[in-house]
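Contents: one structure, followed by commentary.
The values are calculated or read from the model by the stated rules, or taken from the named source; none is laboratory data. These numbers come from a predicted model, not from an experiment. Heads up, the Cβs are rebuilt from the backbone with ideal geometry, glycines too, and the neighbour counts pull from every protein chain shown.
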Amino acid sequence: MPTFNTRQRGWNFLQTPGPTNIPNRVLSAMNQPAVEFLGPEFIDFAQGLFDDLKPLFGTTGDMIIYAANGHGSWEAALTNTLEIGEKVLIPETGRFALSWGDFAGKLGIECEVVENDWRKAVDPNAIEERLRADTDHEIKAILLVHTDTGTGITSDVAGVRAAIDAVGHPALLMCDTIASLVTCPYEMDAWGVDVTISAGQKGFMLPPGLGFNAVSQKAREVAKTCHRPGNYWDWSERLDSEEFYLSFCGTAPEHMMFGLRAAIDMINEEGLENVFNRHFRLSRAVHAAVDKWAEGGALQNNAINPKDRSNSVTTILLDEAYDPIDVRDICRERYNLALGNGMGKIGDESFRIGHMGDLNETMIFGTLGAVEAGLKGLQIPHGEGAVNAAIESLLESND
Ligand SMILES: *Cc1c(COP(=O)(O)O)cnc(C)c1O
């Protein structure tokens, strides 16, 4: 086993926005021998997982589990529905929206980005306006990132759906929920999403390695007429085949699925609403702490509007006089705390605190205390009392 952090004692804090802390119960569930994966027990077990995943996505549609990370799940959604030369619209939520677009571009899909301020959620009116001008329906899909992990901002999926409906545009709505699922409400069917993309290593608390596509009937229909050669990602191969073997296009990622079973059980035992509320409360405590630090004038919440701030990750902008890498280094080396890097065009001027998955109040206090110690060590001006602001925020939201 590789040994990380051998010089450090006590617990290591992993507050990156993926991978996230893996509960012991998930790890233990994976610590068992391989089983016969075409045997009846495993087939039943897998069926139970598909069934129990659907409510977490808010769908009764089709569900696919890939042995893949989030990027694989992106590619799956694209290759099933879009041919070379077809066009998609990408609301610019931040770095992940642009990366997904790069992926699409390499697959020969034409991408048009609807520009957006990285400090604000997507404006559905801008989408509506662009779709209204697309009278020939050249735009085949809208690629929307629910929570862009680079900016720490959550956009209004239902609002984008309403914009599409207001124009009566037939484009598919595809939504990347990799950083949002199981951390905040998400209703695939009620919000009219056609393809939901997700992955295991964030809200689901799993090791990296599972990707998900949830697929509406409309997207299935589009996929049936989409002429793009492919095998591994192909939905119909996995969904329409009588042979269980093909549901995973080969050997199922058994141990990841054992972990997923444990994670779903934990989520359901806590109650999905309670999971959302916990994420909401903890995230607001972090936001309150950052607002307090901001009084020193050198750092601030990237998301300007509090309502846009995500439940799962906080992006903190740092004045250009300072280097966010120094903050991450001092937190890692001196305080056993891993933080997220800055991304995209704000890469050199931001760092991130991940707060999704297996997390409680005390972990937040520890994280904020360590960041503050790092700011002090680096002599970065900051308002005093951030941990106290977090405590106050939690006390208020517990009332
Ligand atoms: C993490 C993340 C991805 C990429 O997932 P990988 O598993 O690293 O491929 C994509 N989109 C969003 C919003 C993410 O947070």
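Structure data summary
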quantity: Test result for F365, surrounded by fewer than 18 Cβ atoms within 10 Å (Cβ to Cβ), of a type in the set (F, W, Y) and touching a residue at least 12 places away in the same chain (Cβ under 8 Å); calculated: yes
quantity: Subset of the stretch 238-287 [of a type in the set (F, W, Y) and over 30 Å from V371 (Cβ atoms)]; calculated: F244, Y245, F248, F258
quantity: Check on M174, hydrophobic (A, V, I, L, M, F, W, C), farther than 23 Å from T315 by Cα and assigned to a strand (DSSP E or B); calculated: yes
quantity: Flag if E295 is of a type outside the set (A, V, I, L, M, F, W, C), in the same structural domain as G340 (by TED's automatic domain parsing), in contact with a helix residue (DSSP H, G or I) (Cβ under 7 Å, 6 or more places away or on another chain) and more than 30 Å from L53 (Cα to Cα); calculated: no
quantity: Sole exception among (1) in contact (Cβ under 8 Å) with a residue 40 or more places away in the chain; (2) surrounded by fewer than 18 Cβ atoms within 10 Å (Cβ to Cβ); (3) more than 24 Å from the chain's Cα centre (by Cα) for K345, by number; calculated: (3)
quantity: Residue in the stretch 24-32 that is without any contact (Cβ under 8 Å) to a residue 12 or more places away in the chain, away from the ligand (no atom under 16 Å from the Cβ), part of a helix (DSSP H, G or I) and surrounded by fewer than 16 Cβ atoms within 10 Å (Cβ to Cβ) present; calculated: yes
quantity: Residues being within 21 Å of V222 (Cα to Cα), acidic (D, E) and surrounded by fewer than 24 Cβ atoms within 10 Å (Cβ to Cβ) - total across the stretch 170-192; calculated: 1
quantity: Single residue of the stretch 49-64 satisfying the filter (under 15 Å from L239 (Cα atoms) and in contact with a helix residue (DSSP H, G or I) (Cβ under 9 Å, 6 or more places away or on another chain)) that is surrounded by the most Cβ atoms within 10 Å (Cβ to Cβ); calculated: I64
quantity: Sole exception among (1) touching a residue at least 12 places away in the same chain (Cβ under 8 Å); (2) surrounded by fewer than 24 Cβ atoms within 10 Å (Cβ to Cβ) for A199, by number; calculated: (2)
quantity: Checklist (1) closer than 20 Å to P19 by Cα; (2) surrounded by 24 or more Cβ atoms within 10 Å (Cβ to Cβ) applied to A141, failing item; calculated: (1)
quantity: Residue that is nearest to the ligand (Cβ to nearest atom), among those in the stretch 193-233 that are among the aliphatic types (A, V, I, L, M) and in a loop (DSSP other than H, G, I, E, B); calculated: L206
quantity: Within the stretch 43-152, helices (runs of 4 or more DSSP H) holding 3 or more residues that are within 16 Å of the ligand (Cβ to nearest atom) and free of Cβ contacts under 8 Å to residues at least 40 places away in the same chain; calculated: 95-106
quantity: Residues located in the stretch 117-138, provided they are under 27 Å from G347 (Cβ atoms), in contact with a helix residue (DSSP H, G or I) (Cβ under 7 Å, 6 or more places away or on another chain) and either outside the structural domain of D194 (by TED's automatic domain parsing) or crowded, with 19+ Cβ neighbours inside 10 Å (or both); calculated: W118, A121, V122, I127
quantity: Residue list for the stretch 136-189, filter: of a type in the set (G, A, S) and more than 23 Å from Q300 (Cα to Cα); calculated: A141, A158, G159, A162, A163, A166, G168, A171
quantity: Residues within the stretch 202-251 that are among the acidic types (D, E) and without any contact (Cβ under 8 Å) to a residue 12 or more places away in the chain, tallied; calculated: 4
